[in-house]
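What follows is a set of notes on a single structure, which appears directly below.
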Amino acid sequence: MISRRGFLGASAGAALGALTASACSTAPSGGQAAGAKTLRCWDHFQPRADLHKKLFADFQKSSGVAVEYTVYNPNQQGQALQLAFGSKQLPDVFTTAGVQLPHARLRKEGWLAPIEIEKEALSAMPADVFLNGFTHFEDKLYSLPLVNFRQYSTLTWYNVELATKAGLDPERDLATWDGFRQAARKIEAAGGDGISGWIAPLQFAPRLGEHVTELSMAAGGVGAVDPRTGEYGHARDPFVHAIEFLVSLKKDGLLFPASTSLDARTSRARWSTGVAGLFFDGPWNIGVVNDQFKSFLDKVGVAPIPTSEAGREAILYASPKAGDYCVAATSQHQDQAAELVKLFTSEEVMLAETEQMDGMPVNLDLVDKAKVHPTYKTAAGIFRRQVRLRPAAEVRNPGASDVVAEMKQIEPNLGGIVQGVLSGQLKDVRKALKEYDAKLTAERDRAVKAVAAKGVEVTADDWAFANWTPGQDYGRDKYKTS
Amino acid sequence: MAVTAVPEAPAERRTRRADRPPKGSRQGRNQLWVWLFLTPTVVLYGVYTVYPIIASYWYSFVEWNGFDADKTWVGLANYKAVLADPLFWNSFKITVLFMVAVVPLKVLLTLLLALVLNSPKLPLRTLFRTAFFLPVVTTTAIVGVVMQFVFDPASGPVNVVLRELGLVADGINFLGDPKTALWTVVGVYIWKWFGVTLIYWLAALQTVPDEVYEAAAIDGAGPWKLLHHITLPLLKPFAVIITLLTLESTLKVFDLMLTMTNGGPFYATEVVEIYIYRWAFAATVPQLGFASAAAVVFGLFVGLVGLLQLAGIRAVRKTRSDR
C-alpha cells in the first residue's frame, strides 16, 4: 500500500511533469501552427469573414493545407501582432492592421518575406496599385493589396426614413456644412423624442482625426502635410474650421448624447437602431450593416462628404497604400502561404470580395459588375470623382520610412485634440493645433537626424514635392521629375 | 534535593526510535520535500512575477517599440521623458485623487454597514452580507461594460429615472463629461468592492468579546456609549490595516477605468495604469521602454504605500503586545 508521503510525492512529481510537458507543448516554434499541414492567417476584414472561410475551405480541399483563420478587431490586431512577433509566433499570413510602422521598417526588422507569385497571376489587378516602397521593395512583392487607396471614411450616411420624415433632399441638403447642420436639426425636430441629428464615434480618437483631416480637405485643405512644402499644416484654417463645424453640431444639441462613449463599431450599431439621422463612415459601413443589421439595410442612404461652402467640389488626397496580405518571414511554409495569398489575385475572387462591400476593391470597375447595395455603387462613384493620389516621401526616398518609424507619437494627437475641444477641456483650438504642429516638426527633425546618423541619406526636404499640382493624381511618373 | 526520575520509554517506542535514520539525514530529506513542494510556487512566481518586474526595469533603460528586433540602450532618457511629460503627472494626479476620494468614503461607509450587519437583532443579516458581497465576485470588465449602459445619457436607467422624476430635462452625460466621469467611476468602484472591506470590518467586529459588552451594559452603557467607548477603540488597530489595504487596492483600477471611460474624456480619467498601457500597447508606435519607465516610477510609489502598510502593521502589533 502506498504511504501518505509516497502519494504526496508522486502527486507533486506528476504535477510538475504535467506542467513541464504542457509548457513544452504549447510553445509553437518559428510561427508554426500545430502540424506542417496547417497555415495560420490573421486579418481584420469582418464583412469578408464568411467568404474567406469558404475560400480557405476550398484551398484545403485542393492543396490539403488547412487554414487556421482569425478575424480581429483592427484595434486589437496590432497588439496581437506585437505580442506574436515578440514570442516568435507570427501567423504565416497576416494583415498589418493596428501596426503603424511602415512596411519598409517591418521588412527590415524581419517581419515580412517576399511573396513569390508569378507576374502573370497579378495581371488581373490594376498596375497602379503596386508601388515600390509600399507593396514592393527592390521590385519584389511584399504585400498584396485588397483595398483601393481611392476611398475615405467621412461619407455622409443617412437614415432614409428619418430624412424623408424631415422632408430632406439629401443630395441638396447634405452637400455643405450648413446644410448638414440644418438637416440634423430637421431630423431631430421631425424624429421626436430620443432622436438625434448626428452620431459620432467620439471615443475613437484616430477615426475623429481622419474625419477632421478629410473635412479640412473638403474645405480646400491639402491634408496634414502640405505636399508643396512638406510642412505640417494642422493649424491652418481648413483644420480649424472643420473642428469648429463639429463643435457647432454639439453646441446646437444635435449630437447623440452617448457619442462620447462610442467607438466606430458601437456608434454604427446605435445608428442602425434609428436613434440618429446622420453618421460619418467609410464605404464598409454598408457591408457591416448588411452583415450584422440586415433589417436596417433598406433605410440606408449615402452622400459625399459635406463641403465648407456651396459650389465647392471636395477633392481629397489619399496616400499610396501598402498592401494588405503579408507573409511572415518566420513562416516555415512561405511557398504555401504565397499560394494562399495568390487566391486573392483572380478576378473571380476579387469580384466576390467586392460583393462583401468592405473597403473599395483595388479595381473600382468591379463595383459596377458586382451585386452590391446601391449605396456601395454610389460611394465608388464619389471616390472616383473626389479622391486623388498624393505624393509620398517613402516612394521618393526609402530612407523616409526609417524616419516615419523613428518618430514617436505626439500626445495629444489630432483626434485627441478634437476630443478635448468637443468636451470643452481645450478652449483655444488653433493654439492646440499650432503646438501639435511644432511638436511634430521637432520630432520629425529629431528622427531625421537620428536616422541620418545611422548612415541613411534623408532630409526633411524629402517631404516637399515642388511638381505637385492640386487636384491631380501624383502618379509614378511624377517621382522621376520631383 | 529531590531528584525526579525520568520514566523510561516503553520498550516498543525505544525500538522505533532506534530504527529511524540519523537526525541529519532525516532533516536533509525533510528539506528536500519542502523544496520539492515549494518548487511549483517558486517557478511560477519567478516566471510570472519576478521576471516581469526585472524585465520592466531592463526595458526602462532601452528604446524599443515592440515591433523591432533590436533594442537601443538609452540610459535614463526614458525616465527624463516620463518625468517631463505633463500627461504623466496628470495621470499621477488622477490616481492620487481617485485614492483620496475612495478610501475615506469606502472605509467609513463599510464600517457603518458592518456595525448594522453585525447586530444579532437584524433579521436576514446573512442574506444582506451576501448581497453586498455579490458585486465583488462579478468580473470587473463586465461591470464596466454594463455600467456604460446604466449611465448612458440617452437611454440608461439612471437618466431615465432622473428624467421621470423631473430632476433633469436632458440626460446627464456621466461618463462623457470631464466634470462627472471620475466621480462616477469612484461611485461604481466603491459599490463594486464594498463587500471586501465590509468583510474585513465584520471579521474585526467578531474579535470584540461579548463579555465586555455585557459588563458595560450591566454598568448602564447604552448603544452609543458601547460604540464610542468599546467598539471603536477596540477596532482602532484594524482601522489602520483596513485603511491601508483599501488604499493599496485603489491603485489597481485599470480594468474598471478602461472599460468605463478608456481614460477619457481627454485624459480626465487617465490613471497611471492606463497611461502605461496606452504607451505600451495602444500608441500608434508603442514605446515599451518609455512605458516601462513610467511603470517603474509608479511601482516605486506603490512601494512607498507598501512601506506605509508595513509600518502600520508594526504599529498594530506593538499596540496589541502592549495590551
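If the condition is being open to solvent by 80 Å² or more (accessible area, probe 1.4 Å), part of a helix (DSSP H, G or I) and aromatic (Phe, Trp, Tyr), then region B:61-109 contributes only B:Trp89. Of the residues that make up region A:115-126, is at least one within 14 Å of chain B (Cβ to nearest Cβ) and open to solvent by 20 Å² or more (accessible area, probe 1.4 Å)? Scanning region A:115-126 turns up no residue that is within 14 Å of chain B (Cβ to nearest Cβ) and open to solvent by 20 Å² or more (accessible area, probe 1.4 Å). Any residue in region B:136-152 that's more than 10 Å from chain A (Cβ to nearest Cβ) and assigned to a loop (DSSP other than H, G, I, E, B): show its pairings with residues that are open to solvent by less than 70 Å² (accessible area, probe 1.4 Å) and modelled with pLDDT of 95 or more at Cβ separation under 6 Å, as long as the two are six or more apart or on different chains. Once the first residue is more than 10 Å from chain A (Cβ to nearest Cβ) and assigned to a loop (DSSP other than H, G, I, E, B) and sits in region B:136-152, no partner that is open to solvent by less than 70 Å² (accessible area, probe 1.4 Å) and modelled with pLDDT of 95 or more comes close enough. All but one of (1) within 14 Å of chain A (Cβ to nearest Cβ); (2) closer than 28 Å to B:Gly299 by Cβ; (3) open to solvent by less than 50 Å² (accessible area, probe 1.4 Å) hold for B:Val253; state the number of the condition that does not hold. Here B:Val253 meets the rest and fails (1).
Conditions (1) among the β-branched types (Val, Ile, Thr); (2) under 17 Å from A:Phe280 (Cβ atoms), marked per residue:
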position: A:Ile195; (1), (2): yes, no
position: A:Met217; (1), (2): no, yes
position: A:Thr229; (1), (2): yes, no
position: A:His234; (1), (2): no, no
position: A:Ile243; (1), (2): yes, yes
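Considering region A:235-252, the residues that are touching a residue at least 40 places away in the same chain (Cβ under 8 Å) and open to solvent by 10 Å² or more (accessible area, probe 1.4 Å) include one that is farthest from A:Ala224 (Cα to Cα), namely A:Asp252. So which strands (runs of 3 or more DSSP E) stay within region A:249-334 end to end and still have 1 or more residues that are within 30 Å of A:Glu109 (Cβ to Cβ) and hydrophobic (A, V, I, L, M, F, W, C)? Here the list reads A:316-318, A:326-328. Could you please find all residues in region A:396-414 being open to solvent by less than 30 Å² (accessible area, probe 1.4 Å), at pLDDT 85 or above and in contact with a Pro (Cβ under 8 Å, 6 or more places away or on another chain)? A:Ser401, the sole residue that qualifies.
Restricting attention to region B:179-190, does a residue exist that is of a type outside the set (Lys, Arg), part of a loop (DSSP other than H, G, I, E, B) and within 14 Å of chain A (Cβ to nearest Cβ)? Steps first, answer last, please.
First, the residues of region B:179-190 that are of a type outside the set (Lys, Arg): B:180-190.
Filter once more, keeping what is part of a loop (DSSP other than H, G, I, E, B): B:180.
Those still in the list that are within 14 Å of chain A (Cβ to nearest Cβ) too: B:180.
Yes, region B:179-190 contains at least one residue that is of a type outside the set (Lys, Arg), part of a loop (DSSP other than H, G, I, E, B) and within 14 Å of chain A (Cβ to nearest Cβ).
Among the residues of region B:91-149, which ones are within 30 Å of B:Ala268 (Cα to Cα) and not hydrophobic (A, V, I, L, M, F, W, C)? B:Ser91, B:Lys93, B:Thr95, B:Pro104, B:Lys106, B:Thr110, B:Pro135, B:Thr138, B:Thr139, B:Thr140, B:Gly144, B:Gln148 - these are the residues of region B:91-149 that are within 30 Å of B:Ala268 (Cα to Cα) and not hydrophobic (A, V, I, L, M, F, W, C).
Given the criterion within 14 Å of chain B (Cβ to nearest Cβ), over 23 Å from A:Ala464 (Cβ atoms) and open to solvent by 10 Å² or more (accessible area, probe 1.4 Å), identify the matching residue among A:Ala205, A:Ala258, A:Ala200, A:Ala224. Full working, then the answer.
On the way: A:Ala258 fails: open to solvent by 10 Å² or more (accessible area, probe 1.4 Å); A:Ala200 fails: open to solvent by 10 Å² or more (accessible area, probe 1.4 Å); A:Ala224 fails: over 23 Å from A:Ala464 (Cβ atoms).
It is A:Ala205.
Restricting attention to region A:430-442, the residues that are among the acidic types (Asp, Glu) and either open to solvent by 50 Å² or more (accessible area, probe 1.4 Å) or at the interface with chain B (Cβ under 10 Å from one of its Cβ atoms) (or both) total 1.
Of all the residues in region B:120-133, those that are surrounded by 11 or more Cβ atoms within 10 Å (Cβ to Cβ) and of a type outside the set (Phe, Trp, Tyr) number 5.
Residues that are touching a helix residue (DSSP H, G or I) at 6+ places or on another chain (Cβ under 7 Å) and on the phi > 0 side of the Ramachandran plot were ranked within region B:259-302; the one that is nearest to the other protein chains (Cβ to nearest Cβ) is B:Phe266.
Residues being free of Cβ contacts under 8 Å to residues at least 24 places away in the same chain and either under 21 Å from A:Ala392 (Cβ atoms) or in contact with a Leu (Cβ under 8 Å, 6 or more places away or on another chain) (or both): count how many of those fall in region A:181-224.
Within region A:181-224, the first condition is being free of Cβ contacts under 8 Å to residues at least 24 places away in the same chain, and the residues that meet it are A:182, A:186, A:189, A:192-193, A:221.
Pick out the ones that are also either under 21 Å from A:Ala392 (Cβ atoms) or in contact with a Leu (Cβ under 8 Å, 6 or more places away or on another chain) (or both) and you get A:186, A:221.
Total meeting the criteria: 2.
The single condition among (1) more than 13 Å from chain B (Cβ to nearest Cβ); (2) under 30 Å from A:Phe45 (Cβ atoms); (3) open to solvent by 10 Å² or more (accessible area, probe 1.4 Å) that A:Thr266 does not satisfy is (1).
Filtering region B:165-224 to residues that are within 24 Å of the chain's Cα centre (by Cα) and of a type in the set (Lys, Arg) leaves only B:Lys192.
Quick check on A:Gly197: is it over 25 Å from the mean Cα position of the chain (by Cα) and part of a strand (DSSP E or B)? Considered against the rule, which asks whether it is over 25 Å from the mean Cα position of the chain (by Cα) and part of a strand (DSSP E or B), A:Gly197 comes out as yes. Taking region A:161-180 as the range and being in contact (Cβ under 8 Å) with a residue 60 or more places away in the chain and buried (at least 18 other Cβ atoms within 10 Å of the Cβ) as the test, the residues that pass are A:Leu162, A:Ala163, A:Ala166, A:Pro170, A:Leu174, A:Ala175, A:Thr176, A:Trp177, A:Gly179, A:Phe180. Go over the candidates B:Leu76, B:Leu87 one by one and state the one that is closer than 20 Å to B:Val297 by Cβ and away from every other protein chain (no Cβ under 12 Å). After ruling out the rest, the residue left standing is B:Leu76. Cβ-Cβ distances below 6 Å connect the following pairs, each with a first residue in region A:410-429 that is in contact (Cβ under 8 Å) with a residue 40 or more places away in the chain and more than 9 Å from chain B (Cβ to nearest Cβ), a second residue that is hydrophobic (A, V, I, L, M, F, W, C) and assigned to a helix (DSSP H, G or I), and a separation of six or more residues or different chains: A:Gly415/A:Ala205; A:Gly415/A:Leu208; A:Val418/A:Leu208; A:Val418/A:Val212; A:Val418/A:Ile243; A:Val429/A:Val240; A:Val429/A:Ile243; A:Val429/A:Val421. Just to be sure before I move on: is A:Tyr152 modelled with pLDDT of 95 or more, surrounded by 18 or more Cβ atoms within 10 Å (Cβ to Cβ) and in contact with a Cys (Cβ under 8 Å, 6 or more places away or on another chain) in the structure I sent? Considered against the rule, which asks whether it is modelled with pLDDT of 95 or more, surrounded by 18 or more Cβ atoms within 10 Å (Cβ to Cβ) and in contact with a Cys (Cβ under 8 Å, 6 or more places away or on another chain), A:Tyr152 comes out as no.
Yes or no, residue by residue, for (1) among the aromatic types (Phe, Trp, Tyr); (2) touching a Leu at 6+ places or on another chain (Cβ under 9 Å):
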site	(1), (2)
B:Trp201	yes, yes
B:Thr207	no, yes
B:Ala215	no, no
B:Gly222	no, no
B:Lys225	no, no
B:His229	no, no
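Taking the condition surrounded by 19 or more Cβ atoms within 10 Å (Cβ to Cβ) and either over 24 Å from A:Val71 (Cα atoms) or not aromatic (Phe, Trp, Tyr) (or both), does A:Gly301 pass? Yes; evaluated as a whole, the condition is true for this residue.
The values are calculated or read from the model by the stated rules, or taken from the named source; none is laboratory data. Just so it is clear, the structure is predicted and the values come from calculations on it, not from any experiment. Methodologically, a virtual Cβ is constructed for each residue, glycine included, from the backbone with ideal geometry; neighbour enumeration extends over all protein chains shown. Calculation scope for accessible area: heavy atoms of the full protein, side chains included, ligands and nucleic acids excluded. Shrake-Rupley method; radii C 1.70, N 1.55, O 1.52, S 1.80 Å.
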